[in-house]
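Trainee: Dumping the structure here so I can ask a few things about it.
The values are calculated or read from the model by the stated rules, or taken from the named source; none is laboratory data. Only a predicted model underlies this, so the values are computations on that prediction, with no experimental measurement involved. With ideal geometry, Cβ positions are generated from the backbone for all residues, glycine too; neighbour counts draw on all protein chains shown. SASA here: full protein model, heavy atoms, side chains in, ligands and nucleic acids out. Shrake-Rupley method; radii C 1.70, N 1.55, O 1.52, S 1.80 Å.
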Amino acid sequence: MAKGTLYLLPVPLAEHAEKASYTILHYDIINNIKEYVVENEKTARKFLKEAGLKRPQSELIIHDYGKHSREKINYTEIFKSVEQGSDMGLMSEAGCPGVADPGADVVFQAHRRGIRVIPLVGPSSILLGLMASGFNGQNFSFKGYLPIDKGARTKAIKDLENQSARERSTQIFIETPFRNNQMLSELLKSCKPQTKLCVACNVTGEDEYIKTKTIAEWKNTTIDLHKKPCIFLIFAS
């Protein structure tokens, strides 16, 4: 018996960004499968509805891999129907599954079982931010979250700036939304005046804000990033 397929379904990054986030192929796939592994069930069900799901949601089989359930996941049980020929979808809370996302573990387990994995086109704040930054798109690195400790964070920022200048590379990182303003403040204090910084905030959202300036120019800019999803990119010379 042929095994099913694990489809990696990107989820919108912002409210009311559905039309910018899925294609006709998404519509076809979600109406042909009924089983999902999701990081956030509420977000996943909302996306499926907005993407055009015709099947009653009561018929869906949802496997939770949120942070409180991750350690208890039984992959043999999760992939049981896929092993028997059914297809399954994997969804992050926002953006692309497996990219800055614990869904990578699910994907790896699928590969271990010889299950075909198909990634679908969709929004990634990392790539969208890079595209819009004007920085080097041929040599870049995503660092995820920087340290919370102030001293360690300052050192990390300076290390990224030095690496960028040395390698002519774009350095990309994120912060928890309620600490965005502190991150921006720390970047302005720690980086050299000529270093370029791109702030990409609420990408694909109605109030999307993407600006690239030197650190010196950012010091004359007033912006409130509190509790807004942001991605930061620096490029030093």
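Trainee: Take each uninterrupted DSSP H stretch in the chain, measure its Cα extent along the helix axis, and return the ones at 30 Å or beyond whose mean Kyte-Doolittle hydropathy is at least 0.5.
Mentor: Membrane-span-like by this criterion, though nothing is claimed about a membrane: none.
Trainee: Evaluate the distance, in nm, between pseudo-label points positioned 7 Å from the Cα of E50 and of T76 along their respective Cα→Cβ axes.
Mentor: 3.9
Trainee: Just tell me which aspartates and glutamates come within less than 13 Å, Cα to Cα, of K19; anything on the same chain fewer than 8 places away is out.
Mentor: The reachable aspartates and glutamates, counting only those whose Cα sits under 13 Å from K19, are E50, E206.
Trainee: Report the calculated FRET efficiency for S69 and K150 (r = Cβ-Cβ distance, R0 = 30 Å), to the nearest 0.05.
Mentor: 0.35
Trainee: Another question, then. Between T23 and R166, what length in nm is gained on full extension when 0.36 nm per residue of separation is reduced by their alpha carbon distance?
Mentor: 47.5 nm is the gain from fully extending T23 to R166.
Trainee: Related question: Convex hull volume of the Cα atoms in the range 77-143, per residue, in Å³?
Mentor: In the range 77-143, the Cα convex hull volume per residue is 114 Å³.
Trainee: Quick check: residue separation of Q194 and S141 times 0.36 nm, minus the Cα distance between them. What number comes out in nm?
Mentor: Going from the current span to full extension adds 17.1 nm.
Trainee: Now for a different question. Residue farthest toward the positive end of the dipole of the chain, with Cβ of Lys/Arg at +1 and Asp/Glu at -1: which of C191, F140, I231?
Mentor: Projecting each Cα onto the dipole axis, the largest value belongs to C191.
Trainee: Then there is this: Once the whole set of protein chains is in place, how much accessible area is left on E206, using a 1.4 Å probe, in Å² to the nearest 10?
Mentor: Probe radius 1.4 Å; accessible area of E206 about 150 Å².
Trainee: With a 1.4 Å probe and all protein chains kept in place, how much accessible area does T204 have, in Å² rounded to the nearest 10?
Mentor: 40
Trainee: Cα centroid distance between the range 1-69 and the range 80-155, in Å?
Mentor: For the range 1-69 versus the range 80-155, the Cα centre distance is 16 Å.
Trainee: Counting only heavy atoms of the protein chains, get the accessible area per residue of the chain (1.4 Å probe) and round it to a whole Å² value.
Mentor: That works out to 52 Å² for each residue.
Trainee: I need the fraction of alpha carbon pairs in the chain separated by more than 24 Å, rounded to a whole percent.
Mentor: It works out to 50 percent of all Cα pairs.
Trainee: Share of antiparallel DSSP beta bridges in the range 102-237, in percent to the nearest 5?
Mentor: If we restrict to bridges inside the range 102-237, about 80 percent are antiparallel.
Trainee: How much accessible surface area, in Å² rounded to 10, belongs to the heavy atoms of H226 with a 1.4 Å probe?
Mentor: Counting only protein heavy atoms, the figure is 80 Å².
Trainee: Once the other residues with Cβ under 15 Å from the Cβ of G134 are scored (Lys, Arg +1; Asp, Glu -1), what is the net sum?
Mentor: Result for the neighbourhood of G134: +3.
Trainee: What FRET efficiency do you get for Q84 and N31 if R0 is 25 Å and r is their Cβ-Cβ distance, rounded to the nearest 0.05?
Mentor: 0.75
Trainee: What are the aspartates and glutamates whose alpha-carbon lies under 14 Å from the alpha-carbon of K219, with same-chain residues fewer than 8 places away excluded?
Mentor: Hits, sequence-local ones excluded: E186.
Trainee: On to the next question. Where both residues lie in the chain, what percent of DSSP beta bridges are antiparallel, nearest 5?
Mentor: 45
Trainee: By its C-alpha gyration tensor, with a ≥ b ≥ c as the square roots of the eigenvalues, how is the range 108-216 shaped: rounded for a/c under 1.5, else prolate for a/b larger than b/c, else oblate?
Mentor: Cα axes put the range 108-216 in the prolate bin.
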